[in-house]
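Notes for the one structure printed next.
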Amino acid sequence: MNDLADLKAQARKQAFARRKEAFEAAGKAQAGYLSEVLAGHRGVPLSGFLPIRTEIDPLPAMEEAAAHGPVAVPYIVGKGEALKFALWEPDCALVEGAFGAMVPAELDFIEPEILIVPLVAFDLKGGRLGYGGGFYDRTLESLRAKRATLAVGFAFAAQEAASLPLEATDQTLDMIVTESGIITV
């Protein structure tokens, strides 16, 4: 392993611990500020995510957004590839996808203009540390080459790091939303 990979692994381990603690202490109202952000973009195609493990829960905000326009969730095509986004609706039938993430049973793909991005850690410069597969980095790079694409990191405030070990290929977030506020980058 190289030094940067070691630094990222160490940063992930610390961030997972902070996220787990925040998850265990969290109340139900985690997505209030996310709803506020999305209300300013009614009808714009967006992608959220179906939370796994100790991720913060964006579902209430996604349900509100789905009443006004298309909402999708990420679909992992394969290792080293960009994500695709399957249309999602509240209470739609789901099946288990890659890495245990649920996906709609019926796959109808769209291209979102707003991505609500899950993460392990973030910094105040818009840096994001994910799970290490590079899926969102490849996807954001591809979407941003076509049109303006808003990347909204959604995480617990406790997932903030003073700095992160980032590479040139790591795509930055445009804003970060936590259970306690909105951070504009």
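Find how much the distance from S180 to A67 grows on full extension, using 0.36 nm per residue of separation minus their present alpha carbon separation; answer in nm with one decimal.
Details: separation 113, 0.36 × 113 = 40.68 nm, distance 2.44 nm.
This chain segment gains 38.2 nm when fully extended.
Quick one: length gained pulling K146 to A29 fully straight, 0.36 nm per residue minus the C-alpha distance?
Separation in residues times 0.36 nm, less the Cα-Cα distance, equals 38.6 nm.
Regarding the chain, what are the three Cα extents along the principal axes, ordered largest first, in Å?
That gives 44, 35, 31 Å along the principal axes, largest extent first.
Got the relative contact order for the chain handy, in percent, Cα pairs under 8 Å and 6 or more residues apart?
Relative CO of the chain lands at 23 percent.
Sum -39500 (n - 2.57) across every DSSP H segment of at least 4 residues in the chain, then divide by the residue count to get the 222 nm mean residue ellipticity, nearest 500.
Values: 4 runs with 51 residues, N = 185.
After summing the helix terms and dividing by residue count, I get -8500 deg cm²/dmol.
In a GNM of the chain with a 10 Å cut-off on Cα contacts, which of R42, R19, R128 has the highest mean-square fluctuation?
R42
What lysines does K79 reach when the alpha-carbon gap must be under 21 Å and sequence neighbours fewer than 8 apart in one chain are set aside?
The reachable lysines, counting only those whose Cα sits under 21 Å from K79, are K8.
Report the calculated FRET efficiency for V77 and A9 (r = Cβ-Cβ distance, R0 = 30 Å), to the nearest 0.05.
Rounded to the nearest 0.05, the efficiency is 0.75.
In nm, to one decimal, how far is the L107 label point from the S163 one, both placed 7 Å along Cα→Cβ?
4.1
Whole-Hz ³J(HN,Hα) for each residue in segment 128-133, computed from phi via Karplus 6.51 cos²θ - 1.76 cosθ + 1.60 with θ = phi - 60°, x for glycine and proline: what do you get?
Once θ is set to phi - 60°, the couplings for segment 128-133 become 9, 10, x, 7, x, x Hz.
Please get the size of the charge dipole for the chain, origin at its Cα centre, with Cβ charges of +1 on Lys and Arg and -1 on Asp and Glu, quoted in debye to the nearest 20.
So the dipole magnitude of the chain works out to roughly 380 debye.
Go through A67, F85, S142 and say which Cα lies farthest out towards the positive end of the charge dipole of segment 51-161; charges sit on Cβ, +1 for Lys and Arg, -1 for Asp and Glu.
My answer, from the dipole projection, is S142.
Bear in mind these aren't lab numbers, they're just calculated from the coordinates by the rules spelled out. Bear in mind that the values here come from a model prediction, so they are computed numbers and not experimental data. Ideal geometry is used to build each Cβ from the backbone, glycine not excepted, and the neighbour counts take in all protein chains shown.
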